[in-house]
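I have placed the structure first, in the form of structure tokens, so that the comments after it can refer back to it.
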Amino acid sequence: MIGHLFAVITMADPAIPNPAPVAPPGADKILELVGNLKWASGVALLVGFFGGLVVWAGGRWVDHHRAGRVGVIMMLCAMAGAILYGIGYQLISHFAGT
């Protein structure tokens, strides 16, 4: 019974036309905003990593262990963010089916 119901629901009527998808108004502005956000997040990851490198090196230079540890944590957070940044697009594209 469920198989028959599924077949009835998924059966397409050839008399009903299937129009092509059309982008909504303002879609180009949204894509531009998303591109700017992606660029800013990439810059933030780079600044976080190299800022952590400077803090780590400065902490080691003046023998301040807490600053050295904070720098390492900054670099690790930037690396984890970069991994998520790289994986996120592929996951979204995969689940969106494009």
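The values are calculated or read from the model by the stated rules, or taken from the named source; none is laboratory data. Since we're looking at a predicted model, the values are computed, not measured. All Cβ positions, even for glycine, are placed from backbone atoms using ideal geometry, and neighbour counts span all protein chains on display. Note: accessible area is taken over every heavy atom of the protein model, side chains too, but ligands, DNA and RNA are not part of it. Shrake-Rupley method; radii C 1.70, N 1.55, O 1.52, S 1.80 Å.
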- Task: Kindly state, to the nearest 0.05, the FRET efficiency for S41 paired with R69, given R0 = 22 Å and r defined as their beta-carbon distance.
- Result: 0.30
- Percent accessible area from carbon and sulfur atoms, the range 20-98, protein chains only, probe 1.4 Å: 76
- Starting with the highest mean, order 50-56, 65-71, 27-33 by the number of other Cβ atoms within 10 Å, averaged over the residues of each peptide. 50-56, 65-71, 27-33
